[in-house]
1. With log10 I(q)/I(0) by the Debye sum over Cα atoms at q = 0.07, 0.10, 0.11, 0.12 Å⁻¹ defined as stated, name the option among (1) -0.63, -1.02, -1.17, -1.33; (2) -0.72, -1.05, -1.17, -1.27; (3) -0.72, -1.46, -1.58, -1.58 computed from the structure displayed.
2. Determine, for each peptide in 564-573, 318-327, the mean count of other beta carbons within 10 angstrom over its residues, then list the peptides with the highest first.
3. How big is the C-alpha Rg of the stretch 158-295 next to the rule-of-thumb value 2.2 N^0.38 Å, as a ratio?
4. Pop a pseudo-label 7 angstrom from the Cα along the beta-carbon direction at both residue 561 and residue 542 and give the gap in nm to one decimal.
5. Return the Rg/Rh value of the stretch 300-470, two decimal places, where both radii are evaluated on C-alpha atoms and Rh is the Kirkwood radius.
6. Principal axis lengths of the stretch 490-641 from Cα atoms, whole Å, largest first?
7. Roughly speaking, what is the stretch gain from residue 387 to residue 139, that is 0.36 nm per residue apart minus the C-alpha to C-alpha distance, in nm to one decimal?
8. So, R0 is 30 Å and r is the distance between the beta-carbons of residue 82 and residue 31; what FRET efficiency does that work out to, to 0.05?
């Protein structure tokens, strides 16, 4: 009750202020015009004083309840006490109910007097009843047409979100968007009555229609939207919708650079298909009439995990040592989550150590997942040591497997299909190997998951990988803030090249999908570079630490600049190699890269960058390190000297 009062404190105060003003006016009226029975005044005062209790339970219907109760109290009292003839309480109640039909039984004036004059309390009763009835009729009419009215408003004003596909994930995303007061339209071919009511209560406009229907696109005013989110269950459905949307814009001569189409794609092959479509269109001199951005909810969840618990945590000294051992990850279960963990680990694990990251993968259907992995990333063995082993969690002991390994693991990620199995195996491993961080994957938020996030992770190196609810929101899924940050970093790079006389650097809007992803990947590694220098970042004005100036930062960077540039090159090299690119021999072309064939002349080991035609690449990687000071500064962070701790868990997000 106290919590409800505090939540509604402001509106309750406003109610009492308004009631006091009305009471003053009514008092003035009574004083100058007529006397009113003291009994009804006391009843009305008590009613006004205690009515805010209703506000604690409902605000949506509070006005209706107030008008109905006021009309009922004053009406029954008036007809019972002020009528010329004596009437029973039932008659008084009947006459009061007639007020809601906008009729008033005249029982207050003598027959034939020709004067129609009602006491003040009766006037209050009939006007309260009239307002209740009229407002109820209008609200009922509005609710019948509410979605149509909202849709018309969206069509006229625009700046709305169109989501295609209804499932548990899109439902979580829509809930977050509505909580942030965004305008949302959902396109779906069929939906249950319960879900339809749920969406209507959230004020989400529902447009029913078949996939790729131009009339549906037109009805949703696609050309005025800011985001179209293709969020169906299968990649093929989202790709089909993308092509249909492109054709609709082409045939209706729509070109909107401010419209971003987010395509949810889980499989890497689907992203490659978009690349091929873009390449074919570019060859024909065509382009998409809107900006495209692929997104993967598993990838986002792992990105958040590695931002919160970076792989170097607890191993700072090891990864700073050029001769230090490589990190060795154990991934149990290689579905979409395990796949994303392995991929991002390879992209991010670039430190001073010269050794490649090691990943051991256990799965019951190991041959199938191994074929799938190498089909997508055939060159991954060049940048990581991968080991695929068949393992059945139901018949084999995971603790015994870890114990029998000749090389210890630095991290364990449990990505099994069952939350219960994850918990049981995770707790057992944490007890047996308390020094190894163990991460467990959960499908949904629950009591156990919250316990792991809180109490368990405080006493053990036992963590949750998080749940989809944590990334299915505007900040993570739509990437708006991360895109702004990546844009900022790209503009800094572009301005530096312009100062150097290079005028052929494309703007962010003209970057291809893969080059944008490369910028995101560079930002993912930004804090790792600071860790290698024993530096860290903290929000401005929220700390009492000594802040490094740019000159001090450069002085710390200078002795390690070549090693840092090599680390940055290895990150860049790994990213493009995993994306299917290869080396372009300088003798084969006058250009440094051939995007149509995915070739780049700098895709060579760092030592080969000493060749004259590739020397500029080294300087580019050095500039990336030096520019980190400006990037963090613009984002609102200060660079300070790092205090390595065994259980540091503070999260710094590049897009805050």
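Readers should treat all values here as calculations from the given coordinates under stated rules, not as data from a laboratory. Worth saying up front: this structure is predicted, and the values here are computed from it rather than measured. Every residue, glycine as well, gets a Cβ built from its backbone with ideal geometry; the counts of neighbours run over all protein chains shown.
1. Of the labelled values, this structure produces (1).
2. 564-573, 318-327
3. That ratio works out to 1.03.
4. Reported label-point gap for residue 561 and residue 542 is 3.2 nm.
5. Result for the stretch 300-470 is an Rg/Rh of 0.93.
6. 56, 33, 31
7. Result for the pair: 82.8 nm of gain on full extension.
8. Once the sixth-power term is evaluated, E becomes 0.95.
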